[in-house]
Amino acid sequence: MELQISLFQVLITFFLVLFMAAITSMRKSKARNLTQGLIPGPRKLPLIGNLHQLAGPGLPHHTLRDLATKYGAIMHLQLGQISTVVVSSAEMAKEIMKTHDIVFANRPVLASAKIITYGCTDIVFSPYGNYWRNLRKICTSELLNATRVASFQSIREEEVLNLVETIKSNEGSAVNLSRKVFSLSYGITARAAFGKKCKDQEAFISVVTEETKCLMQLKLILILLVFSLQISILESTK
């Protein structure tokens, strides 16, 4: 019985490694076909790509500026498994965000976004199409028109004043400004949408903060898992 289980585990491991190796090879081939000879960029290291350059002693935006000076206003970076095109000029940004905006309208489909937004049915993560255009039309006509925005001015002014008074009352002591700004955004949104703030506002903010941390940890775990699988594949091919 133990021998059968051992053989079964060996077979499963073998086919899993073979499957991951095939996927990795296909992705690398596709990325090379798309970027090689088309978009300039710095040389990449195995597995991590160009992550080591962004993790240097300098600030990331300073590093991107220096790389753009060397490789041009549009360049290709390989950030681990993610093939990234970086644009560093107003002219190129206009081409992407205005002239050809429909081509770049869709966001990547994330498992976390599908869960939180009930299958990407919100205006942020829903794919470009008739549904998204209807959502935008509703937001433009019902929420963001000049009359409606002006009607919420008193709410914004009152919430900002409360924030200033809260910071002023804590003079001489440390203030968690990120949490206060988050609370300000929640207060304005809740009063504009529902007419009042929820009594459990702080509990809600804590839940959202914890949810964000969990999502970031999950993403890090997935990155480490893919990294470990790649190492296993490389070791198996030696």
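Where a number appears in this text, it was derived from the coordinates with a stated rule and is not lab data. These figures come from a predicted structure and were not determined experimentally. When we count neighbours, we look across all protein chains shown, and the Cβ atoms used for this are built from the backbone with ideal geometry, even at glycine.
Side notes on the structure shown:
- Just so you know, in the stretch 108-140 the residues that are in contact with a helix residue (DSSP H, G or I) (Cβ under 9 Å, 6 or more places away or on another chain) and among the small types (Gly, Ala, Ser) include one that is farthest from residue 192 (Cα to Cα), and it is 111.
- Looking across the stretch 50-77 at every residue that is part of a loop (DSSP other than H, G, I, E, B) and under 20 Å from residue 95 (Cβ atoms), the one that is nearest to the chain's Cα centre (by Cα) is identified as 73.
- Only one entry of 166, 63, 99, 117 meets the criterion of being more than 26 Å from residue 183 (Cα to Cα), surrounded by 13 or more Cβ atoms within 10 Å (Cβ to Cβ) and of a type in the set (Ser, Thr, Tyr), and that entry is 63.
- Looking across the stretch 122-159 at every residue that is part of a helix (DSSP H, G or I) and touching a Lys or Arg at 6+ places or on another chain (Cβ under 8 Å), the one that is surrounded by the most Cβ atoms within 10 Å (Cβ to Cβ) is identified as 159.
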